[in-house]
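Right, one structure below, let's go through it.
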């Protein structure tokens, strides 16, 4: 009888434990949405400053990563809305530095997101069997990892005072936010298979 009562208690607790785990994924998605949402105006401000300092190609890159951040944020927002969660906007504190320091700051933010935060969030979503959340987090993480070399290219060009070698425009996948720095990208996005006819051109 004692064992039966213990089993009943465990069965009653399972829904509570499951709800707690799912809430953790919701918290993670909310944080991810905040990350990306704050990056949108930050990178846009960096772009504006680069333009003012006569670095149009650096400004173009900042506009491109701002657009990518907006796509990631929208994907997370859509998921949270479906889960019945309202994300409260948070105020973005923007401190402008030199373009050289701005690109290093942006690179640091992306490395933290793609290398640490999203890896943890993705593991939690897999544990929770939240497939849609897993997909959105995986795409954000992988596309940001892919963009790391582009950040390095811009940083090197600034350090060598040779920004003329940077691309005049970038293509951004509207579905996953992946960046392409070539004039004619492949037929479809390598991450989400979106056709290149839908890619957004950022100049």
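Summary of values
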quantity	calculated
Filter result for residue 74 (closer than 27 Å to residue 199 by Cβ, modelled with pLDDT of 95 or more, in contact with a helix residue (DSSP H, G or I) (Cβ under 9 Å, 6 or more places away or on another chain) and surrounded by 21 or more Cβ atoms within 10 Å (Cβ to Cβ))	no
Considering residues of the stretch 101-110 that are free of Cβ contacts under 8 Å to residues at least 60 places away in the same chain and in contact with a helix residue (DSSP H, G or I) (Cβ under 7 Å, 6 or more places away or on another chain) only, the residue farthest from residue 140 (Cα to Cα)	102
Among the residues listed as 125, 68, the single one being in contact with a strand residue (DSSP E or B) (Cβ under 9 Å, 6 or more places away or on another chain), crowded, with 22+ Cβ neighbours inside 10 Å and at pLDDT 95 or above	68
Options 123, 100; residue that is assigned to a helix (DSSP H, G or I), farther than 18 Å from residue 71 by Cα and more than 18 Å from the chain's Cα centre (by Cα)	100
Hits in the stretch 155-183 (condition: assigned to a strand (DSSP E or B) and either without any contact (Cβ under 8 Å) to a residue 60 or more places away in the chain or over 18 Å from residue 198 (Cβ atoms) (or both))	171, 180
Exclusive hit being over 12 Å from the mean Cα position of the chain (by Cα) and either exposed (fewer than 13 other Cβ atoms within 10 Å of the Cβ) or within 21 Å of residue 79 (Cα to Cα) (or both), set 178, 196, 187, 153	187
Any hit, the stretch 88-108, residues being at pLDDT 95 or above, under 13 Å from residue 36 (Cα atoms) and surrounded by 20 or more Cβ atoms within 10 Å (Cβ to Cβ)	yes
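The values are calculated or read from the model by the stated rules, or taken from the named source; none is laboratory data. Just so it is clear, the structure is predicted and the values come from calculations on it, not from any experiment. Positions of Cβ are generated from backbone atoms using ideal geometry, with glycine treated the same way; all protein chains shown enter the neighbour counts.
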